[in-house]
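In what follows, a structure is listed as structure tokens, so that the remarks can point back to it.
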Amino acid sequence: MTEASTANGVLCATCSAPLQGKFCSTCGAAAAADRDDAAEGWGSLTSEFFSSRSGNGLFSVALAFLRHPVDTIIRLTDDPTYRSQWGFLTAMVGAQLTFVYVAFPRIYAALFNTPDGANNSAVLTNEIVQYVGMAILTPIQYYVCRALGSRRRTPMAYVKLCVLSVSYCTLLSLIVSAVFAGAMIADLKTVAILDLGEFWQTLNFLLAVAILVFVTASHRRFWGMRWPIAAGVTLAIAALSWLVVYPGLAVLVDRGGIAGALRSLTG
């Protein structure tokens, strides 16, 4: 490292090592100027999806969640350089809802020669319900967990944890939906041997158990809670969200005319 480059004070934004050239010799991250040049247009989208240098691209994060969900959410929440949680959430929620309400109905209609049941407006209305529900529940969860936890955490850190948590749970929901869709098509194309209603209920039960275990474990580590307290908080919030907040918001969106307005706009 030359005296001139050290005097310029150009440091890597990822690891804070002195920079020389376009890439950091310590961690390999691009210099700030190069990141700025690629921050617009298709380059930023490609970088977000396929970035492997930092290991925090969309696919990398999704795979990390599937391998080590609790370790991954704590690592990303505590990593100040990771700021893509909202993009990850948007991608997961959009993918799951698009598959359920648009892609799968069209695949089913094409395979079985039935009317196209795709519902674009349902994607938007359910996204509205998801984000509004998070806005309602996150402050409640924060103050409850702060009162019961042994570690001091900032509101923004907990928002990040919640965003990543919902993203992972949505990823699991996408996988469950895909498994059920594949099983249903296979069952209908061959000899119907599955009770699809019971199969769907079983998948949803396993999904709910997986989500409850994940949220309990992540809250225990994030807040320094004991297992019984973390489990109690998780069950209480789950009951509030699954039985009250999200069903109530869905009814309000439908009765408020938002769903009808979106249907007219999206056709």
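Points to keep in mind about this one:
- Multiplying the residue separation of ARG221 and ASP187 by 0.36 nm and subtracting their alpha-carbon distance yields 8.0 nm.
- Comparing Cα centroids, the range 156-219 and the range 67-104 end up 15 angstrom apart.
- Per-residue extension of 0.36 nm, minus the Cα-Cα distance of TYR131 and PHE112, leaves a gain of 3.4 nm for this segment.
- Converting phi to 3J(HN,Hα) with the Karplus coefficients 6.51, -1.76 and 1.60 and the offset θ = phi - 60°, the range 169-177 yields 4, 5, 4, 4, 4, 4, 5, 4, 4 Hz in sequence order, with x at every glycine or proline.
- The stretch between THR81 and ALA239, if pulled fully straight at 0.36 nm per residue, gains 53.5 nm over its current Cα-Cα span.
- Taking Cβ atoms as reference points and 12 Å as the exclusive limit, the residues near THR72 contribute a net charge of 0, counting Lys and Arg as +1 and Asp and Glu as -1.
- Cβ crowding within 10 Å averaged over residues, with 120-128, 102-110 ranked highest first: 120-128, 102-110
Values quoted throughout were computed directly from the atomic coordinates according to the rules given, and no laboratory measurement underlies them. Only a predicted model underlies this, so the values are computations on that prediction, with no experimental measurement involved. With ideal geometry, Cβ positions are generated from the backbone for all residues, glycine too; neighbour counts draw on all protein chains shown.
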